[in-house]
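J.: Got a structure for you, written out below as structure tokens; questions coming shortly.
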Amino acid sequence: MKPDWKKYLGPDWVPKYEGASTLGSNHSCWTDTSIYIYLVMPSFLAKKAVRNYVGVGPCSVALQSLYFDRSGTKEEK
């Protein structure tokens, strides 16, 4: 059952589906990452160290990946 958002968005609002807004995945090898790039041109979330990897780093920058820092104390995270 789909939610009815007309109460909040007005009576003229019509739902439309253009594909998933978020695709979450844990890749198992490099081929599935390549397939995602080919099919949907996603934005990736990667640990900060990936930016410095040979070969992969420049590709992640070109894909405008978002990086998160896993270092520091629990409070800093």
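J.: Could you state the angle between the C-alpha long axis of helix 30-40 and the longest principal axis of the C-alpha atoms of the chain, as a value from 0 to 90 degrees rounded to the nearest 10?
T.: With both axes taken from Cα atoms, the answer is about 40 degrees.
J.: Within the chain, what whole-number % of the accessible surface is contributed by carbon and sulfur, with the 1.4 Å probe and all protein chains included in the calculation?
T.: Here carbon and sulfur together make up 59 percent of the probe-accessible area.
J.: Counting only helical runs of four or more DSSP H residues, what would the 222 nm mean residue ellipticity of the chain come to if each run contributes -39,500 (n - 2.57) and the total is spread over all its residues?
T.: -7500 deg cm²/dmol
J.: Along Cα→Cβ, 7 Å out, is where each label goes; now give me the distance between the ones at Ser25 and Tyr53 in nm to one decimal.
T.: Spacing of the two 7 Å Cα→Cβ label points: 1.5 nm.
J.: Grab the other residues whose beta carbon is less than 11 angstrom from that of Ser60, score K and R as +1, D and E as -1, and report the net.
T.: Net charge around Ser60: +3.
J.: Right, next: To make sure I understand the rule: partners must be lysines, Cα under 19 Å from the Cα of Lys48, and not fewer than 8 residues away in the same chain. Which ones qualify?
T.: Excluding near neighbours in sequence, the set is Lys74, Lys77.
J.: So, for the chain, what is the accessible surface per residue at a probe of 1.4 Å, expressed in square angstrom?
T.: Per-residue accessible area for the chain comes out at 95 Å².
J.: Continuing with the same structure: Nearest 0.05, what FRET efficiency do Ser34 and Arg70 give at R0 = 25 Å with Cβ-Cβ as r?
T.: My answer for the efficiency is 0.55.
J.: Between Val14 and Ser43, what FRET efficiency follows from the Cβ-Cβ distance if R0 is 30 Å, with the result rounded to 0.05?
T.: 0.60
The values are calculated or read from the model by the stated rules, or taken from the named source; none is laboratory data. Quick caveat, the model's predicted, so the values are computed rather than measured. Positions of Cβ are generated from backbone atoms using ideal geometry, with glycine treated the same way; all protein chains shown enter the neighbour counts. Surface areas here come from the heavy atoms of the whole protein model, side chains and all, with no ligands, DNA or RNA. Shrake-Rupley method; radii C 1.70, N 1.55, O 1.52, S 1.80 Å.
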